[in-house]
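Asks: Take a look at this one; I'll ask things after.
The values are calculated or read from the model by the stated rules, or taken from the named source; none is laboratory data. The model shown is predicted, which means the values in this text are computed figures rather than measured ones. Here Cβ is always computed from backbone atoms with ideal geometry, including for glycine, and neighbour counts include all displayed protein chains.
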Amino acid sequence: MFRRRLLVALLMGMMALRRGAAVPVYGYKVVATYPHSTESYTEGFFYLNGLFYEGTGMEGHSALLAIDPQTGQVRQKRELPPQYFGEGIVDWGPNIYEWTWTSHVGFVLDRFSLRVLAQFSYTGEGWGMTHDAQEIITSDGTSTLRFRDPATFKETRHVVVKDGGEEVKELNELEFVRGEIYANVWHSNRIARISPKDGTVVGWIDLSGLLPVSQMVNAESVLNGIAYDAEHDRLFVTGKQWPAVFEIKLAGAGK
């Protein structure tokens, strides 16, 4: 009986240690700022070949934009039909996928002309999108990230994102950065760094104070946009109707 109690106590102690293990929290340093339109309700964001690509939301205002980072000038624009609330975007080969919030409708566009090539459907809500070398990764406002076959958009597997034993919900805009999934958490100033293998949060980026409250259009002007320039190892962040895109370097916690 004593040995059994001792074993139980040891197991409980190990579990408590795991729960108490601190996930590193990183700060930031602003390296540069770039112009961003306060008309853009940012839902999707990525960097490719010298351009920012942005998907914006709100019915009647949703669009896919290709933007010159230095000037903020829109090089190309494709508006969504007014009934759709645009959400995440992701590049895949010569194409861009863009989906919508609750309409269960998504579009495949030619990246060079922004011409619609195909339409697809899915269950649940559409929030953020990114990709690794093989699959598209999506969020739906819950704690679940889904991995999808780019050819069919069908789910191949999923992970539940957890910090310790606690699920991290309201995952929004996504970016794949150096083997990790970076995820905005809606109405939060923090970005979760997530293992794609099992959904474990391996770190947080705290961006508190990045944009002064006085420069926010309203309460919904939240952090929601992550882009990564893999060639030059540059990380960019922005938010809904923010006046700027910030290039940042992580600080503290060992990077």
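Asks: Which number in (1) surrounded by 20 or more Cβ atoms within 10 Å (Cβ to Cβ); (2) in a loop (DSSP other than H, G, I, E, B) marks the one condition that residue 151 misses?
Replies: (1)
Asks: Would you say residue 223 is farther than 17 Å from residue 179 by Cα, of a type in the set (A, V, I, L, M), surrounded by 20 or more Cβ atoms within 10 Å (Cβ to Cβ) and modelled with pLDDT of 95 or more?
Replies: Considered against the rule, which asks whether it is farther than 17 Å from residue 179 by Cα, of a type in the set (A, V, I, L, M), surrounded by 20 or more Cβ atoms within 10 Å (Cβ to Cβ) and modelled with pLDDT of 95 or more, residue 223 comes out as yes.
Asks: While we're here: What pairs come up if the first residue lies in the range 34-61 and is in contact (Cβ under 8 Å) with a residue 24 or more places away in the chain, the second is of a type in the set (Phe, Trp, Tyr) and not in a strand (DSSP E or B), and their beta carbons are under 6 Å apart, counting only those six or more places apart or on different chains?
Replies: If the second residue must be of a type in the set (Phe, Trp, Tyr) and not in a strand (DSSP E or B), the pairs left are 36/242; 56/41; 57/41; 57/85; 58/41; 59/85.
Asks: Still on this structure, please answer the following. Can you find a residue in the range 128-145 that is of a type in the set (A, V, I, L, M), touching a His at 6+ places or on another chain (Cβ under 7 Å) and either in a strand (DSSP E or B) or modelled with pLDDT under 95 (or both)?
Replies: yes
Here's the yes/no breakdown for (1) touching a Pro at 6+ places or on another chain (Cβ under 9 Å); (2) free of Cβ contacts under 8 Å to residues at least 12 places away in the same chain; (3) on the phi < 0 side of the Ramachandran plot:
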site	(1), (2), (3)
127	no, no, yes
132	yes, no, yes
142	no, no, yes
146	no, no, yes
154	no, yes, yes
160	no, no, yes
163	no, no, yes
171	no, no, yes
174	no, no, yes
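Asks: For the range 75-112, what are the residues that are more than 21 Å from the chain's Cα centre (by Cα) and closer than 17 Å to residue 225 by Cα?
Replies: If the condition is that a residue be more than 21 Å from the chain's Cα centre (by Cα) and closer than 17 Å to residue 225 by Cα, then no residue fits.
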